[in-house]
1. So GLY244 fits all but one of (1) modelled with pLDDT under 90; (2) surrounded by 15 or more Cβ atoms within 10 Å (Cβ to Cβ); what number is the exception?
2. Which of the numbered conditions does VAL345 fail, given that it passes all the others? Conditions: (1) in contact (Cβ under 8 Å) with a residue 24 or more places away in the chain; (2) surrounded by 13 or more Cβ atoms within 10 Å (Cβ to Cβ); (3) not small (Gly, Ala, Ser).
3. Which residue pairs have Cβ atoms closer than 8 Å, lie 6 or more positions apart in sequence or on different chains, and pair a first residue in segment 39-60 that is closer than 13 Å to LEU21 by Cβ and in the same structural domain as ILE73 (by TED's automatic domain parsing) with a second residue that is part of a helix (DSSP H, G or I) and at pLDDT below 95?
4. What's the number of the condition GLU226 fails, among (1) of a type outside the set (Val, Ile, Thr); (2) buried (at least 19 other Cβ atoms within 10 Å of the Cβ); (3) part of a loop (DSSP other than H, G, I, E, B)?
5. Can you name every residue in segment 14-32 that is in contact with a strand residue (DSSP E or B) (Cβ under 8 Å, 6 or more places away or on another chain) and at pLDDT below 50?
6. Only residues in segment 149-177 that are farther than 27 Å from GLY131 by Cβ and in contact (Cβ under 8 Å) with a residue 24 or more places away in the chain count as the first member; pair them with residues that are among the polar types (S, T, N, Q) and not in a strand (DSSP E or B), Cβ under 7 angstrom, at least 6 apart or cross-chain, and list the lot.
7. Can you go through VAL71, VAL60 and tell me which one is in contact with a Ser or Thr (Cβ under 6 Å, 6 or more places away or on another chain) and either surrounded by 24 or more Cβ atoms within 10 Å (Cβ to Cβ) or farther than 28 Å from LEU135 by Cβ (or both)?
8. In segment 118-157, which residues are closer than 24 Å to ASP243 by Cα and surrounded by fewer than 16 Cβ atoms within 10 Å (Cβ to Cβ)?
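The values are calculated or read from the model by the stated rules, or taken from the named source; none is laboratory data. The shown structure was predicted, so the numbers you read here are calculated from the model rather than taken from an experiment. FYI the Cβ positions are ideal-geometry reconstructions off the backbone, even for glycines, and counts take in every protein chain you see.
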Amino acid sequence: MAISEGDSSPKSNGSRSVTDLTAIVISRNEEVRINDCLASCLRSIRRAQNEGLIDKADVVLVDSASTDRTVEIARRFPISIVQLKPGWPLSAGAGRYVGLRHAHGQLILFVDGDYCLFDDWLPSAIRTIRGDLRLAAICGRDIEGSGGRSVLSRYQKASLEALRSDPEAVPVGLYRRDLLEKAGGINPFLKGAEDRDLARRLRNAGYSLLRLPMHMGRHEWSNVGELDYITYFRSVLTWSIGDGQASRASPRDKALQRDTRRRYFNTRFLYNYELAAGVSTVILISLLGAFLPGGEGLFVVDGIVAMLLAAVRAARGWTLRELGFQFHVIPYALIRHAGFFLGYVRRPKNSREYPRGEVVLQTSPVAMSQVRASR
């Protein structure tokens, strides 16, 4: 599918020729989903062009050293492909940061490689963001496409699809480039939560973020339908590290430190640790009962706990798996705090120090025309 190059004269932004919109897609080993992702981006752009909202537009795929067929599949599309080197610091933030180096758009559409846009969202987003000069970024409602039957998959699907208020951050969505750059851009050294860090700086600068009351697209947590705990907790760890890095980098930002306390030091975590203490106590008592002479009487505690759990399960109507799922908050709390403190001791470098020399594997026709126009 080709993207129209249009016939309007390129606008100047310093020495860089610009176009109306650039979609920056980030990927790492997304061979299962990258075809659908890129196809959805091109369809959405074509829809916006057909409605007269944009003229020139291009797509830049930034690949974080994939070892599968992601790049091979992406080469089928009329897009630019840029690849980061394996030895570089790799993260979602790094992909978006480098993507901006190769973007010509006044509007920036960030898309993850595991996300498929719905055709009608982008035109509505463009109209809305152009109608409010203080609106920096806009997203929509998400659908979780992973059709897993596990308790964790259902929990994540319900949590994602319930989000309707103004977004805390916009990982996938449309940005006004000038406001993004005024707020300091994206920090590529944040291991995770770079979208939340950017959102905070945008709000501090007096700009707003909006969630349209319509579906934006479909997200896929897993290639096989089931979201496993390793994938889930790895994601939790990644953005917790990013939160810690951001907090360390801006110690005088009172709003950030207040948000950090709210997010990481609250009564919910106190409950999680109380639950952990309770479980640990029951396990210790069971061990003592098994190994201490005359300790059989301690097994009474196990019976009492079993009856209490059975009563709670009956009252809530939970299955055994749903009951067991309630205890996932224990490793969740430990990983959240461990990740935050790990990030806090690793202050991120200045964005300008991020390596250069990414490999340009393919250049789209639109990007080529912009390069020629800027000479």
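1. (1)
2. Here VAL345 clears every test but (2).
3. Here the result reads LYS56/VAL366; LYS56/SER369; LYS56/GLN370; ALA57/VAL366; ASP58/VAL366; ASP58/ALA367; ASP58/GLN370; VAL60/ALA367, each pair linking segment 39-60 to a residue that is part of a helix (DSSP H, G or I) and at pLDDT below 95.
4. Among (1) of a type outside the set (Val, Ile, Thr); (2) buried (at least 19 other Cβ atoms within 10 Å of the Cβ); (3) part of a loop (DSSP other than H, G, I, E, B), GLU226 violates only (2).
5. SER17
6. Cβ pairs passing all conditions: SER153/SER146.
7. So the residue among VAL71, VAL60 that is in contact with a Ser or Thr (Cβ under 6 Å, 6 or more places away or on another chain) and either surrounded by 24 or more Cβ atoms within 10 Å (Cβ to Cβ) or farther than 28 Å from LEU135 by Cβ (or both) is VAL60.
8. Selection gives TYR155 alone.
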